[in-house]
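Remarks on the structure that follows.
The values are calculated or read from the model by the stated rules, or taken from the named source; none is laboratory data. These numbers come from a predicted model, not from an experiment. Counting neighbours? That spans all protein chains shown, and the Cβs are built from the backbone with ideal geometry, glycine included. Side chains included, ligands, DNA and RNA excluded: accessible areas come from the protein's heavy atoms. Shrake-Rupley method; radii C 1.70, N 1.55, O 1.52, S 1.80 Å.
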Amino acid sequence: MSRNQEDIANQLAGNQAGVAELRSRLLFVLFALLVYRIGTHIPVPGIDPGQLQALFNQNQGGILELFNMFSGGAWERMSILALGVIPYITASIIMNLLTMMWPQFQQWRKEGEAGRRKITKATRYLTLAIALIQGSSLAVTLGNQGLAFDPGTSFLFVAALTLVTGSIFMMWLGEQITERGVGNGISLLIFSGIVSGFPSAIGQ
């Protein structure tokens, strides 16, 4: 085999390997989005679906409708992923502000890859703290609004724990899509949630 033929064969092998990797990345993204969509249909334990539907019927076109659209219908079903990536986005915005104002975070930003890992770790912890606050507040609101079968202490604990866990799972899933898939994982999750609400929004 001539030198030219060897180069062509190597190039074809490289192209095939690249196509195979791209295919596996795309399949992973589709699988992750499928898991996300399934999660939006699993309700928080103890939620009364009838009362929840009545609340949304009373507030059509309001702020609840907006939250529901961005969550891909997770709010309307009050699913375990109702908080979505909101805590993570909030934490990322706060960390970006801190890296511009706080000397310690500015130093991390200058450390390259090691500094980026420190900022990512701090963002995760801040996401957990924000999710705890938002999840607990949402659980209390659900109980006070009469949306739970038994709005007692056990419901508040289980609902808050479920919502916080769902939010952390969303953050993890977005990071996995970024690392093992194609594009920015958080952006893809937000986009898929919005797109999934298009048919019902157009119908309304």
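Quick notes on this one:
- Conditions (1) within 15 Å of the chain's Cα centre (by Cα); (2) touching a residue at least 24 places away in the same chain (Cβ under 8 Å); (3) surrounded by fewer than 17 Cβ atoms within 10 Å (Cβ to Cβ); (4) part of a helix (DSSP H, G or I): number failed by GLU175: (2)
- Residues of region 82-119 that turn out to be of a type outside the set (Phe, Trp, Tyr), without any contact (Cβ under 8 Å) to a residue 40 or more places away in the chain and not in a helix (DSSP H, G or I), as a count: 2
- Boolean, PRO45 is within 20 Å of ALA159 (Cβ to Cβ), at pLDDT 90 or above and surrounded by fewer than 20 Cβ atoms within 10 Å (Cβ to Cβ): yes
- Test: residue in region 34-55 that is among the hydrophobic types (A, V, I, L, M, F, W, C), in contact with a helix residue (DSSP H, G or I) (Cβ under 6 Å, 6 or more places away or on another chain), in contact (Cβ under 8 Å) with a residue 12 or more places away in the chain and in a loop (DSSP other than H, G, I, E, B): yes
- Yes/no for SER79 being small (Gly, Ala, Ser) and either crowded, with 16+ Cβ neighbours inside 10 Å or in contact (Cβ under 8 Å) with a residue 24 or more places away in the chain (or both): yes
- Residue ID - modelled with the highest pLDDT, chosen from residues in region 140-150 that are assigned to a helix (DSSP H, G or I) and surrounded by 12 or more Cβ atoms within 10 Å (Cβ to Cβ): VAL140
- Within region 56-75, the set of residues being open to solvent by less than 70 Å² (accessible area, probe 1.4 Å) and either within 18 Å of VAL140 (Cα to Cα) or not in a loop (DSSP other than H, G, I, E, B) (or both) comprises PHE56, LEU64, GLU65, ASN68, MET69, ALA74, TRP75.
- Residues of region 28-41 that are touching a Lys or Arg at 6+ places or on another chain (Cβ under 8 Å) and closer than 25 Å to LEU138 by Cα: THR40, HIS41.
- One residue stands out in region 178-187 among those that are in a helix (DSSP H, G or I) and open to solvent by 50 Å² or more (accessible area, probe 1.4 Å): the one that is nearest to GLY39 (Cα to Cα), namely SER187.
- Qualifying residue in region 151-167 (condition: modelled with pLDDT under 90, open to solvent by less than 10 Å² (accessible area, probe 1.4 Å) and not in a helix (DSSP H, G or I)): no
- Verdict on GLY152 being farther than 20 Å from SER167 by Cβ and touching a Gly at 6+ places or on another chain (Cβ under 9 Å): yes
- Flag for SER196 being closer than 26 Å to PHE67 by Cβ and surrounded by 13 or more Cβ atoms within 10 Å (Cβ to Cβ): yes
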